[in-house]
Amino acid sequence: MDEKTEELRDIFVETTGSDTVTEGQEEARGSLTDERSADERVAELVETMREEYAFVSGLDDDGYEAVVRRYHDGEDDAAIADALGVDPKTVFEARTDLHLVDDGDRD
């Protein structure tokens, strides 16, 4: 260790009271061996996001789940809106509620 590194180490130890600089890892959020279906995972995600964020589109959880599936299938807002029987603005709001934003949405 050079002199500057030693000084920084000493300052760190003095300030934190510890010579350990790593934190314990949190539990992983997912698993490659998750046996739940994609629909179950999407439903859980929508439920979690609804609890965490203020959804504004007015769709129910089934509607949000349909938006997720159809968005990832490559459908645009108009096609999703037709399938759900709502207007494209509602689908756009649902996508932003779900943080499903693409480059075209930034305009």
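The values are calculated or read from the model by the stated rules, or taken from the named source; none is laboratory data. Keep in mind that this is a model prediction, so the values were computed, not measured. So basically every Cβ, Gly included, is an ideal-geometry build from the backbone, and we count neighbours across all protein chains shown. Note: accessible area is taken over every heavy atom of the protein model, side chains too, but ligands, DNA and RNA are not part of it. Shrake-Rupley method; radii C 1.70, N 1.55, O 1.52, S 1.80 Å.
At a glance:
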{"item": "For the chain: accessible area per residue (Å², 1.4 Å)", "result": "78"}
{"item": "Highest average packing first - 2-12, 57-67, 81-91, Cβ atoms within 10 Å", "result": "57-67, 81-91, 2-12"}
{"item": "Residue among Thr96, Thr15, Thr48 with the largest mean-square fluctuation in a Gaussian network model of the chain, springs linking Cα atoms under 10 Å", "result": "Thr15"}
{"item": "Virtual spin-label span in nm between Ala79 and Asp102, 7 Å along Cα→Cβ", "result": "0.9"}
{"item": "The chain, accessible surface, carbon-and-sulfur percent (1.4 angstrom probe)", "result": "46"}
{"item": "Fully extended contour minus Cα-Cα distance, from Arg69 to Glu14, at 0.36 nm per residue", "result": "14.5 nm"}
{"item": "Projected label distance in nm at Asp87 and Glu3, using a 7 Å step from Cα toward the beta-carbon", "result": "7.2"}
{"item": "Region 54-107 - Rg and Dmax from Cα coordinates, angstrom", "result": "9.9, 29"}
{"item": "Reciprocal of mean inverse Cα separation for the chain (Kirkwood radius, Å)", "result": "17.4"}
